[in-house]
Structure formats: C-alpha cells, structure tokens
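The values are calculated or read from the model by the stated rules, or taken from the named source; none is laboratory data. Computed from a predicted model, the values in this text were never measured in an experiment. Because the Cβ atoms are built from the backbone with ideal geometry, glycine has one as well, and the counts that use them run over all protein chains shown.
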Amino acid sequence: MNPIKVNIKNINGFVDHQKVDSYYPKISGSVQAVLNKTGAGKEFLGWVTLPENTDVRLLEDIQATAVKIRQMADVFVVIGIGGSYLGARAVIEALKHQFDQLLPSKKSNHPVILYAGQNLSEDYLSSLLEVLDYHDYAVNVISKSGTTTEPAIAFRILKNHLEKKYGPDGARERIIATTDHSRGALRKLSDKLGYKTFIVPDDIGGRYSVLTPVGLLPVAVAGFDIKALVEGASDMAGQLITAQQPENNPAAQYVAARNALYDQGKFIEILVTYQPNLYYLTEWWKQLYGESEGKAGKGIFPAAVTNTTDLHSMGQYIQEGERKLFETVLSVNEPSRKLIIPDDKENSDQLNYLSGKNIHFVNQMAEKGTILAHLDGGVPCIEITIPKIDEYNLGALIYFFEFACALSGYVLGINPFDQPGVEAYKKNMFALLGKPGSEVESKIIRERLGMKVV
Ligand code: PA5
C-alpha cells in the first residue's frame, strides 16, 4: 500500500526537469547517510527505525496508563513546548471531533485535552487554573532536557495546584512525566517524588519524537489508536527505506522538487491545507522544517495557510505579491463524515446548482481552482495527497515528513538535528531575569535596552 502520493508536475515551467533530476544522486547519498548513520547529527537518528522497533510492551504500558487517566480525569493537561508539544497536538486535533467540548458528555468517554507550558502568558495560565478548579484532572509533563523554562514554570504551578487539590499522594497519582532516562531536573524530581515516567530515547530529538511516548501517551489518552499510528509510520518507513528509484520514493520527489525551487529563488514554502483540523499538523511541520533547516544563513522559510479561510486573507498576497513563494498542498481524498448540500425550492441564494453535492466536493473544486490560479500567478505547486485523515495515514505522513526533512537537510549541507539558534533568546531572557551566573550578560543587556542595571 502507498498511502502518500506526491505530484511535482506543477513545478514544470518554473524549474526544468534536469534540474530536479540532478538532485536525485545527492538524495540517494543522503538516504545512505541516514541509514548508515554517517551524516551530521548521526547520534539523533533513532527515529528512523523507531516505528518498526516500537516494543509492544511499551504500547501496552501507554494504553494501560491512558485507561487509568481516563478513569480519574475529565481533563488532561499536556505540558510541553516545541517538539515536546506540537506532535501530540497535531495528531489529536487532526483526529478529534472538532466541537468535542460541546458534545453531551455521555458521547465522550475520554478527557478533554488542554495544553500548558507552550507559552509564558499569565492570562493563559490563570484561565487554565480557574477551569481546573472545576474539574478532576491529570497532567503529563513532557521535557526531554527537563530544564526548559516554559514547561518548568507551568509544571511548578500545576503541581502546586494538584497538591493543594488532591494532597501529595493524590497529586503523585495524577502526574506522569515524559523525560530523559537519567538526566535533567524533571528526571530527578520524578524519581524523588515517585511519578510514573516514560522515557524520551537519547537518540531522538524533540521534533522527531511524536512517535515516542512524547506523542503516544497524550494521543492514547485522547482515545486514539496508537498502534495504527505506529503501523502507518512503520509501513511508510519500509517504503521509503527500500525504494531504489526516485519515482518510487515520494520523499525523494518532494525533496528534489523543493530544493530545485529553492535554488530558483523560491525560498518560502507554504504548506496548504483545506482541512482546519490539520492546522496543528501544519504547525508541527513548520517547527520540523524551520528548526531543522534554518541555519548557517540557509533554508526554506516554512509558512502555512488553512484554506479556504486564508484565501480571504493571505490569498491576495499569494496570488499577486512577491514571487518568492511555492506551495505544498496537502490534499485529503476522502472526508471522515458526509454532508450534502440540500435543495432549496426558492433558490434565492442561487446555489441549487450545488444541490445534492457534498461539501468536500466543493472544497476539492476550490482546491483545484486555487492551485491553477496560483500557478497562473507564478506560484509553483507540489501536491501531497493522503487517502483520509485517520491514525494510519497520519502515522505515514509524519514519518514521510520526518524522513524528507532529514534528507533535505543533508542536501542543503546542514545538520538537521540540532537547533543552536534557539539558545540566543534564552541567554538574553535568563540575563534579564537575573538567573544566577548571568550577572555579566545581565549588565550588558540591560544597558543595551536602556533598562536600570541591578
Ligand atoms: O525539537 C526540539 O528539540 C525542540 O523543539 C524541543 O523539543 C523543545 O525545545 C523542548 O525541549 P525539551 O523537551 O527539552 O523541554
């Protein structure tokens, strides 16, 4: 089975065929570097064989923990940021009922999933605490390093709230930590206080970790089939790793096309979806590609739009603005639900020509029409199609994007598994906050910002 189809014919006219083909030898070399662990960041390639190696006992432990959480909590707060947040949210938002919080509760036998630690907003956290006063809840704090400021602050606040609400023993039952097996403040605290823990493997970085317990526990608590998610990824891995020819390797086609376009000055890639429940999937993709490729003064800038909503905001720019863009349209063949446009005797809205058609058909025609309009406007388009949004296909898509990202990073000549640039803001923030050890930087920065030196 081949759940993902890549169509690059709509880049013809913007970049010639030979240019695209010239990337394939480099891409084959990159596949070998990934498989043989010979490239930059080779110590972070654990995700490559993760799906096929996922231990069934780990999946069972995650499922059993999810059942326990479902019994004790009607709200589950996932604390994490970046790669310790976006993957879980991408999968959950893609699969969940879009208005689940308003469903009669008997219909929903799993907790509402809320998120914390992905920002530093006092209003956000205060509102969350206010809501949690009314609900039984549990928390999954996720941090590979165990020291990231945003989730650490959120966890301190929620731990305190849980301990007041349920007492120290009750709180312990309701806290699950996903972190390193031996290092970091969160590991130390978990061992000291006896929290249930799951491990983020050493050889898997945050943004490649959605198929580890980082993503799998929240997804299981939300009521989705993690086995099917891993199976989809595993089948995709099998296909991408064994494909000998680029035409059988959708990741190679995607990588060749986007790098050939980048070479022509198209340095902004817009991931386009027509399904609002894929919004967080586009956010996850932005992090994966932005943090992996944007370094050493290089890299395609990853952007995203959700159509047709954004056709009424960003559509104008995409059609007629700076011609530095290309689009990657993420198409979904089949909707999960059906809704037919009814006939109307009056036809005062003049829509009877659509009577009997389903909404997805209208959406698909909007998608096809927009691709053509953007091509005419000078925006080349890569199409990636999945059959439908379910666990299996999402697992395949996640693996596809991860594999392609690694190859693309190697083609670009950078290390796709580090993120040195993320430290710059942290250094300044710590200095401004007066973190012990940053006294010298603090003085310099405060002077630069015209602030009182303390
Ligand atoms: O992809 C990454 O490595 C980052 O986005 C991290 O996931 C993010 O910074 C959070 O790190 P941690 O899990 O250590 O708290």
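What the table shows:
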read-out	value
Enumeration of residues in the stretch 120-146 that are surrounded by fewer than 14 Cβ atoms within 10 Å (Cβ to Cβ) and within 16 Å of the ligand (Cβ to nearest atom)	L120
Qualifying residues in the stretch 348-367 (those that are assigned to a helix (DSSP H, G or I) and exposed (fewer than 13 other Cβ atoms within 10 Å of the Cβ)) - the one farthest from the chain's Cα centre (by Cα)	Y353
Test: residue in the stretch 187-197 that is closer than 24 Å to Y392 by Cα and away from the ligand (no atom under 16 Å from the Cβ)	no
Matching residues in the stretch 36-52 - criterion: being over 23 Å from the mean Cα position of the chain (by Cα) and surrounded by fewer than 17 Cβ atoms within 10 Å (Cβ to Cβ)	N36, K37, T38
Matching residues, the stretch 16-44, being over 17 Å from T242 (Cα atoms) and assigned to a loop (DSSP other than H, G, I, E, B)	D16, S22, T38, G39, A40, G41
The stretch 402-424, subset under 17 Å from the mean Cα position of the chain (by Cα) and of a type in the set (G, A, S), residue farthest from the ligand (Cβ to nearest atom)	A404
R70 being in contact with a strand residue (DSSP E or B) (Cβ under 9 Å, 6 or more places away or on another chain) and within 16 Å of the ligand (Cβ to nearest atom)	no
First in the stretch 210-233 and of a type in the set (G, A, S), second anywhere and surrounded by 24 or more Cβ atoms within 10 Å (Cβ to Cβ) and not in a helix (DSSP H, G or I), Cβ under 7 Å, 6 or more apart	G215/S209; A233/L211
Lone unmet requirement of (1) away from the ligand (no atom under 16 Å from the Cβ); (2) at negative phi for P213	(1)
Of all residues making up the stretch 73-87, the number that are crowded, with 16+ Cβ neighbours inside 10 Å and either farther than 11 Å from R207 by Cα or outside the structural domain of N140 (by TED's automatic domain parsing) (or both)	7
Residues satisfying the stated conditions in the stretch 45-62, i.e. in a helix (DSSP H, G or I) and of a type outside the set (D, E)	L50, P51, N53, V56, R57, L58, L59, I62
Selection count, the stretch 166-186, where residues are more than 11 Å from the ligand (Cβ to nearest atom) and surrounded by 20 or more Cβ atoms within 10 Å (Cβ to Cβ)	5
Listing of helices (runs of 4 or more DSSP H) fully contained in the stretch 174-277 that carry 2 or more residues being farther than 21 Å from S30 by Cβ	185-193, 213-221, 226-242
